[in-house]
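First up is the structure itself, then whatever we jot down about it.
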Amino acid sequence: MKFLPLVLANLGRKKIRTALTLGSFAVALFLFGLLVAIRGAFNQGIDVAGKDRLMIINRTSLIQPLPLPYRDRILRIPGVTAVTFASWFGGVYQDEKNFFPQFAVDSETYRNVYPEFAIPADQWAAFLEDRMGCVAGASLVQRFGWKIGDRIPIRSPFFGGVWEFNLRAIYKGQRAQDDLTQFWFQRKYFEEKGPPYMKGLVGWYVLRISNPDDAVRVTKAIDQEFANSAYETRTQTEAAMAASFVKQMGNIEFLILCIGSVVFFTLLLVTGNTMAIAVRERTAELAVLKAVGYSDRFVLGIVLAESLTLSVVGGALGLGLAKAFTAGGDPTGGMLPVFYLPPASLAAGFALALAVGVASGVIPAFSAMRLRVVDALRRV
Amino acid sequence: MVRLGRGAANKGLIVARDLDKKYVRGSEEIHVLQGLNLDVDAGEYVAFMGPSGSGKTTLLNLLGGLDVPSAGTITVAGDEITHLSRRRLTEWRARHVGFIFQMYNLLPVLTAFRNVELPLLLTHLSKAERRQHVETALKVVGLQDRMAHYPRQLSGGQLQRVAIARAIVADPTFLLCDEPTGDLDRKSAGEILDLLDVLVRDHGKTVLMVTHDPRAAERAQVTLHLEKGSLVESEAVPA
C-alpha cells in the first residue's frame, strides 16, 4: 500500500490521457454489458427451457396448426407425464409498437407444464372463473400500469375485431431470466370468438416427460405416431426449439462475438499504446528508481499496477453503467423481453477488463524492467 | 587518503583494482577505462575531472554499481561488488550509494517530501519513522519549509537540494555526484558546494564527484584527472 501514492501520482501525470483511457475502458465494458444483455435476451428461451419439456409443432411450419385430439394420443405415449397446448394470438394493444406475446392457453393444464410461473391462488381461481379473464406477466403489468380488474382491449389483425379481456391474475418468475411479458387468456374464449376454421385446432403442444434422458426416444415416438397423417409433427426439446428461433434471426451469437472481439482488440491497442508512451516518456524517472535501489521486478510491477488500475477503474465504471442501464429492463419496448445483466457476466466482464489491463501493460512493463540505468540516463 | 597506485592491501572504503571498461561498437572496441586503480578512504571528498569522453561518468557508474566493469574488481566496505547479480547489485545500491545527478532527476509528480521518501520505501521503516528521516534530511539541506512543494514549484538550486536530501536520507556509505552544479547558476552552485562541504565535514560523508567546474573541484580534498581512461594526477588539498 505504501507504493499506491506512486502509482496514483503516475496516473495523474497526464490527466486528460488517463481520463481518455479510462473512458475507453468504460465504453468498451459498457458495450460488453449491453451485448451480454442482448445475447441473453435472444437466448432467454434457451436459458429458461425446461430440461423435461418438449414442444410439438406442425412439421410444415410453426404457423400451421395441429388437431386438438392429438392431446390424448400424446398422453398415451410412454414417458409423457403432462401435456398442454397454446395458440398464437398476435394482437395489438393500443399501438403496433406495444408488442408483447399473447397466447390462448389451456387453463386446466398450462400451469402443470410451466410450474416456474408463480400466481397467487385466489387470482388463478378468479382467472378460471372468468371466460374473458387473462393473466399477464409482472413486467407487462408494470409497463402498461395495469392492475387487477382492468379491462384490456386488444385488436386482432388475424382473427378480426377488438377482443376485451379482464386482468384477473399476474404471474411472476422464480429466476431473473424468466419472461414476464407474456399475456395468456382462456382457450375457451378463443374457440368461442375466433374464426370457425380454428375450431378444434391448436398452435402447438408442450409436454413434460418423466426422464429428460428419455427425450430422444419420446421425440421419435411422437413423430412416428403422427407420421403420414394430414398433420405431421415435429417434436423438439424446448431448448432446441428456442435455439432454432434465434437461428432464424441470423447468427446473433457470432455477430455479438465479432463486435465484442473488435472492441476489445481496439481497447487493447489503445491501452497498450498509452502504457508504452507513459513508459517511454519517463525513462529517466524509471532509471532513477532503479538507481536508488528499486528492483527490475518492482519497476515491472509498478507499470503493470498502473495498467491494472486503469482497467479496474475503467472496467468498474463501464460495467456499473451497463448494470444501471439494464436495470431499467427492455429498452426496445418489447423486442427484448428479458433484458438484464447477470452477476456472472459482470464477473466475466471484470475478468476481461483485468486481462486487457495485464495484456496491454505487459510489453511496456517488460521494456521498463529491462531498462539499463546507464543507457537510460545517457539518453536524458 | 586517496591512492592511485596498486596498494599492497585493500584498506580503503572504496577500492578499485585493474579496472577496465570497454564498449563494442560494431567491429570497433572502445576502451573507456584501462587498468585503473583507486583507493578512497571513508570521509574523503574526491573530485574527478577530465575532458569529455575521458571516462569520468563511466567510472562513477562502475563505482555506484550502475554498470559492471569489463575486467578488474571494485570493493566497497569489504564487499566486492563486481560479481554481484543484477538483483544483488540493486539491493547493494539501495544500502550503500546516494546518487546526485546534474539534472536532479526528481519525479515531477511527487512532492519534495515524497521524492526524498522514495529510498526509504524500500526499507522496513514505519510511516512515522520515514517521516522523521525525511524531515531530518530536508532540514539538513535547508528545505524543511518546502516539503509539500512539487518540483515545478522549486528553483534549480532547491531541486538539487531535494536531490541531495534524497541521496542522504537512507544514510548511504558514500555519495556519487555527477556534475551536481552543471545546471546551476553561480550562486546556486556555490550553495550546493557549501552543502556538500557540510555533509563531508559535519556528517562524515564520503563524496565522489565528477565535475567540469574547477571551482567545484577546488572544494574537494583531492582532485583526480582522468585522461584516456587512466587516472593521471592527484592533487591533495590540506584539510
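Overview of results
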read-out	value
Residue satisfying all of: in the stretch A:217-241; of a type in the set (Ser, Thr, Tyr) and outside any helix (DSSP H, G or I); modelled with the lowest pLDDT among these	A:237
Any hit, the stretch B:49-66, residues being surrounded by 16 or more Cβ atoms within 10 Å (Cβ to Cβ), more than 14 Å from chain A (Cβ to nearest Cβ) and more than 22 Å from residue B:12 (Cα to Cα)	yes
Residues located in the stretch B:84-118, provided they are within 8 Å of chain A (Cβ to nearest Cβ) and polar (S, T, N, Q)	B:90, B:105
Single unsatisfied condition, residue A:23 versus (1) more than 14 Å from chain B (Cβ to nearest Cβ); (2) open to solvent by less than 40 Å² (accessible area, probe 1.4 Å); (3) free of Cβ contacts under 8 Å to residues at least 40 places away in the same chain	(3)
The listed residue being modelled with pLDDT of 90 or more, open to solvent by 60 Å² or more (accessible area, probe 1.4 Å) and of a type in the set (A, V, I, L, M, F, W, C), out of A:358, A:362	A:358
Candidate set from the stretch A:1-16 (those that are open to solvent by 40 Å² or more (accessible area, probe 1.4 Å) and either acidic (Asp, Glu) or within 21 Å of residue A:354 (Cβ to Cβ) (or both)); member that is nearest to the other protein chains (Cβ to nearest Cβ)	A:3
Answer residue from the stretch B:67-80, given it is in a loop (DSSP other than H, G, I, E, B) and open to solvent by 20 Å² or more (accessible area, probe 1.4 Å) and is farthest from the other protein chains (Cβ to nearest Cβ) among those	B:78
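Residue-wise test of (1) within 14 Å of another protein chain (Cβ to nearest Cβ); (2) surrounded by 16 or more Cβ atoms within 10 Å (Cβ to Cβ); (3) more than 17 Å from the chain's Cα centre (by Cα).
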site: A:241; (1), (2), (3): no, yes, no
site: A:254; (1), (2), (3): no, no, no
site: A:260; (1), (2), (3): no, yes, no
site: A:263; (1), (2), (3): no, yes, yes
site: A:270; (1), (2), (3): no, yes, yes
site: A:293; (1), (2), (3): yes, yes, yes
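The values are calculated or read from the model by the stated rules, or taken from the named source; none is laboratory data. It should be emphasised that the depicted structure is a prediction, and the values quoted were computed from it without experimental measurement. Every residue, glycine among them, receives a Cβ derived from its backbone with ideal geometry; neighbour counts consider all protein chains shown. Quick note on the areas: whole protein, heavy atoms, side chains included, nothing else; ligands and nucleic acids left out. Shrake-Rupley method; radii C 1.70, N 1.55, O 1.52, S 1.80 Å.
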